[in-house]
Amino acid sequence: ADKKPARLRTRERVLNDDELSTLYSYVRKNRSLFHDMVALLILTGQRRTEISHMRWDEVEDGCLKLSADRTKNHRSHTLPLPPTALGILETRPSIGPFVFAGKDPSKPFNGFKRTKDALDASIGIEHFTLHDLRRTFSSNMARLAIPIHVTEKILNHQSGSFGGVAGIYNRHSYFEEMKAAMTLYDAYLENLLNQ
């Protein structure tokens, strides 16, 4: 019975700037398949499987282009990638169709528990999950005064600003706004590293 409140608490977890800086600095300096994946989760705020199952053919024209069958809400999603994310992708080895290939190169990476435990042991940040990086991204977007509807487009959220009538009638893609927000957040993260 002891565990339930802790699990609920972790769903509220947002990494503070010190924690985010420690984590981001570590994964950027100690590159590996898993660390590159974590860096992209930090940079983009996307869901874990959307990044871990990323295919090379989904990276096109500086964007991550996910088909409807690859997203939680079954809506296709085009995300402009910030410069650092593109740099990471450009320098990753290409072995098979997946950016983050598993032991079998024809399948995506799946060794989360072991690699996450090793990362936790290396950086010493109080318990956090990979999903907390999505919440942290969203919170930092608000701190940077990015309009909530732009953040929701980046996160591919269906509810909120795009629920109901607004979702039906507002067909504007917000691509340029998303691109500007992603570039601003990239710079925010770089600034954290240089403090």
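The values are calculated or read from the model by the stated rules, or taken from the named source; none is laboratory data. The shown structure was predicted, so the numbers you read here are calculated from the model rather than taken from an experiment. Glycine gets a Cβ as well: all are built from the backbone with ideal geometry, and neighbour counts include every protein chain shown. With ligands, DNA and RNA removed, areas are computed over all heavy atoms of the protein, side chains included. Shrake-Rupley method; radii C 1.70, N 1.55, O 1.52, S 1.80 Å.
A few notes on this one:
- Residue within the range 109-119 that is modelled with pLDDT of 95 or more, within 15 Å of the chain's Cα centre (by Cα) and closer than 27 Å to Ser32 by Cα present: no
- Test for Thr49: is it in a helix (DSSP H, G or I), within 25 Å of Ser139 (Cβ to Cβ) and open to solvent by 60 Å² or more (accessible area, probe 1.4 Å): yes
- Among the residues of the range 52-66, those identified as part of a helix (DSSP H, G or I) and open to solvent by 10 Å² or more (accessible area, probe 1.4 Å) are Trp56, Asp57, Glu58.
- The residues on offer are Thr84, Thr10, and the sole one that is touching a helix residue (DSSP H, G or I) at 6+ places or on another chain (Cβ under 8 Å), among the β-branched types (Val, Ile, Thr) and at pLDDT below 95 is Thr10.
- Considering only residues in the range 12-39 that are within 19 Å of Ser138 (Cα to Cα) and aliphatic (A, V, I, L, M), the one that is most open to solvent (accessible area, probe 1.4 Å) turns out to be Val14.
- Members of the range 66-90 that are under 18 Å from Ile42 (Cα atoms), without any contact (Cβ under 8 Å) to a residue 40 or more places away in the chain and of a type outside the set (A, V, I, L, M, F, W, C): Gly87, Glu90
Residue by residue, here is whether (1) assigned to a helix (DSSP H, G or I); (2) in contact with a strand residue (DSSP E or B) (Cβ under 7 Å, 6 or more places away or on another chain); (3) of a type in the set (S, T, N, Q) holds:
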{"position": "Arg92", "(1), (2), (3)": "no, no, no"}
{"position": "Pro105", "(1), (2), (3)": "no, no, no"}
{"position": "Asn110", "(1), (2), (3)": "no, no, yes"}
{"position": "Arg134", "(1), (2), (3)": "yes, no, no"}
{"position": "Phe137", "(1), (2), (3)": "yes, no, no"}
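- Check on Ala121, out of contact with any Leu (no Cβ under 7 Å at 6 or more places or on another chain), open to solvent by 70 Å² or more (accessible area, probe 1.4 Å), in a helix (DSSP H, G or I) and of a type outside the set (D, E, K, R): yes
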